[in-house]
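The values are calculated or read from the model by the stated rules, or taken from the named source; none is laboratory data. All figures in this text were calculated on a predicted structure; none of them were measured in a lab. For neighbour counting, all protein chains shown are included, and Cβ atoms are generated from backbone atoms with ideal geometry for every residue, glycine included. For the accessible areas, the whole protein counts, side chains as well, though only heavy atoms, and no ligand, DNA or RNA atoms are used. Shrake-Rupley method; radii C 1.70, N 1.55, O 1.52, S 1.80 Å.
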Amino acid sequence: MSTTVVEAAELEKSYLVDKSTVASWLLTTDHKRIAILYLGSITFFFFIGGIAAAAVRLNLLVPEGLIPSAETYNRLFTTHGVIMVWFFLVPAVPVSLGNFVVPLMLGARDLAFPKLNLISWYLFIIGGIIELYALFIGGVDTGWTFYPPMSTSFNQSHVVLAVIGVFVSGFSSIATGLNFIVTIHRLRAPGMTWYKMPIFLWSLYSTSVILVLATPVLAITLLLLGFERIFRIGVFDPAIGGDPILFQHMFWFYSHPAVYIMILPGFGVISEIIPVFCRRRLFGYKFVAWCSVSIAVISFFVWGHHMFVSGQSLYASVVFSLLSYAVAVPSAIKVFNWIGTMHKGFIRFDAPMLYALGFVGLFTIGGLTGLFVAALAADVHLTQTYFVVAHFHYVMVGGMVTAFFGGLHYWWPKITGRMYPEMWGRAAALIIFIGFNVTFAPQFLLGYLGMPRRYHSYPPDFQVLNVLSSAGATILAAGYLLPLGYLTWSLFRGERAPANPWGATGLEWQTPSPPPAKNFATTPVVTEPPYTFPPPELVQNRV
Amino acid sequence: MPPRFPRLLIAWVLLLVLLGVEFGVAMLSFAPWLRVLILLPAMAMAAIVGIVFMEIGRAPVVARGFATAGLFWLLVLLGLGSMDPLTRTYYHTTVEHPE
């Protein structure tokens, strides 16, 4: 991709050992160290949210529910949703993998605003601590969406604290998005035109636009919710002159684009992995790039499809239903382009590629079932059932989390300078894929048969599918714990990683693993488009 | 103290005053055709943010593009969002709260 010379950089200390005091980590402005801080934080939140999910699945093993109190069950699934959505899914890929590789991919020394980057981590942590405090002193029972009047008048749980936690972490999102936008505009290496940028950067750019434009609406919405609860100012509660559907409009104006905040970076990760492990240029590069942008734009036009049975007018529902189909087009184009890239490629089934393959299949199922719930008539039957839970998890967990794990394995040698054990990596990818499907495929059936979500107990007819789902969750949990074990092991015992273990083409692979503190000894110059691999005959000979 | 600090301070105070005006105006009853006036203080606030804080007059093209996109997004929120209340026939009624 470029004519960079990095030998001099190899003489520098890596960013991991450049300074080793605790203060050097907690006050660092190095994007790579901040990425590590974020990675540790989101991993912690992922397992907290996972424990709550395990408790939910445990409860549903028997029809009457294993947890004695339905109230406790409500607080558990809210804990799962709040932590997973706001403190893992939304930030995960941009703040960890994105923070680490964006400047490296651009050939820059850091993000445009390094101090803002550190502040955004502190905001995230402050928001997270407030949230955990709210959840552990009694929790919230409103669900992760905080719908009024449930959240304003009908419960005694710690809504205000929980909302403040999300509110504060929102500023972290805005700061990160702003930083990425300015960095991508201003700090591209010489020769790196927009069409020479890796797709991951296009994805993060589109994500950042959503973060910057949509998150303030969420902040205002949550602020109004808090004001209403504390000062009894009528905004959303009909008892004091408010409109609860107004809350849903404002909430989903952010939260539907937020679905793409979560999944677009995942698209970017997959677009990096597939060409490398197929040794082929990304099929339809420009289409994939512009599809990210168009998804970001269209995502703002479809929020009303979450509100078909809320009391929203039928006319609005019809329009939102039609608009919702539009967002499927660029998503489908991406899937076709990934398959087109694999076609006649020299595919290597290393762990990142296994995750990428899993992503394509699971996201496609998640996306297609999204069309079902976007259809007005079908949604009246399916909404608030386990069908929606399954659809959401196929997109978010089967899609985004799988992509996150794929990206983590792909860039792990670059981040840590160590190779993970490949056999364990492949085993974990397979276990996660199997566990995920056993957990969530039965939920499509449960939902279609009419089992509502967020219920503490259920009719005995649904037990077989619920037991199957809980059994799958056990497999899934084992799959997620495996990488925690072998990746930690690899930090100490893993084989030393070369600069470019996968034979990839991006600039991040042209600096040592782990990179030096300043990333590059000399400013890279980009001369070729991304994903320029050797001619097929050379690849064939090598394989 | 930065040279532009007094200007920024005045703009900030003005924003707070306009917020108060907006809050007060929201309490008043207007004839339906005059309700658009409620938007005026908010529009003035947006203008102050754009002109004084963002210095949009001197900003590069990309920054102006983002500022315009912000207004476009607001238009989407208000435009698509008003589609529902303008055509809705059912409104929630007041409910009794549990003590």
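The figures follow:
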| read-out | value |
| --- | --- |
| Backbone HN-Hα couplings from phi across the range A:127-133 [Karplus 6.51/-1.76/1.60, Hz, Gly and Pro as x] | x, x, 5, 4, 5, 5, 4 |
| Spacing of the two label points (7 Å from each Cα toward its C-beta) at A:PHE154 and B:PHE30, in nm | 3.3 |
| With Cα atoms, 0 to 90° folded angle of helix A:159-186 axis to chain A main axis | 30 |
| Residue-normalised accessible area of the protein assembly as shown, given per residue in Å² at a 1.4 Å probe | 42 |
| Residues in the range A:187-213 occluded by at least 30 Å² - accessible area, probe radius 1.4 Å, against chain by itself | A:LEU213 |
| Buried accessible area, chains A and B (both chains, 1.4 Å probe, Å² to nearest 100) | 2200 |
| Cβ-based charge dipole, chain A, positive-most Cα from A:TRP86, A:VAL388, A:SER208 | A:SER208 |
| Net dipole in debye of chain A [+1 Lys, Arg Cβ; -1 Asp, Glu Cβ; about Cα centre; nearest 20] | 1040 |
| Contact order relative to length of the range A:32-542, as percent, for alpha carbon pairs under 8 angstrom and 6 or more apart | 18 |
| Residues with amide H under 5 Å from that of A:THR385, placed H, sequence gap 5 or more | A:ARG453 |
| Rounded FRET efficiency, nearest 0.05, which uses the C-beta distance separating A:LYS19 from B:LEU16 and R0 of 41 Å | 0.40 |
| Sum of -39500 (n - 2.57) over DSSP H runs of 4+, divided by residues of the protein assembly as shown (222 nm, nearest 500) | -21500 deg cm²/dmol |
| Cα→Cβ-extended label distance, 7 Å offset, between A:LEU27 and A:PHE349, nm | 5.2 |
| Partners for A:LYS334 among lysines (Cα-Cα distance below 27 Å; same-chain residues under 8 apart left out) | A:LYS196, A:LYS286, A:LYS344, A:LYS414 |
| Amide N of the range A:334-376 lying under 19 Å from the label point, which is placed 7 angstrom from the Cα of A:GLU422 along Cα→Cβ | A:345-358 |
| Counted charge near A:TYR285, where neighbours are those whose Cβ lies closer than 15 Å (Asp, Glu -1; Lys, Arg +1) | +3 |
| Whole-Hz couplings from phi, Karplus 6.51/-1.76/1.60, listed for the range A:21-37; x for Gly and Pro | 6, 4, 4, 5, 8, 6, 10, 5, 10, 6, 4, 6, 5, 5, 4, 5, 4 |
| Sequence-distant residues sharing a close amide H with A:ARG418 (under 5 Å, placed H) | A:ALA497 |
| Estimated vicinal HN-Hα couplings, Hz - the range A:380-397 in sequence order (Karplus 6.51, -1.76, 1.60; Gly, Pro = x) | 4, 7, 8, 5, 6, 10, 5, 4, 5, 4, 5, 4, 4, 6, 5, 6, 7, 8 |
| Rounded to 10°, Cα long-axis angle of helix A:70-84 versus longest principal axis of chain A | 30 |
| Chain-alone versus full-assembly comparison, the range A:292-314, residues with accessible loss of at least 40 Å² (1.4 Å probe) | A:PHE301, A:TRP303, A:SER313 |
| Candidates B:LEU15, B:LEU74, B:LEU34, ranked by Gaussian network fluctuation over chain B, Cα under 10 Å, top entry | B:LEU34 |
| Spin-label model distance (nm) - A:THR488 vs B:LEU8, 7 Å beyond Cα toward Cβ | 4.5 |
| Length released on extending from A:LEU116 to A:VAL525, taking residue separation times 0.36 nm less the Cα-Cα span | 144.5 nm |
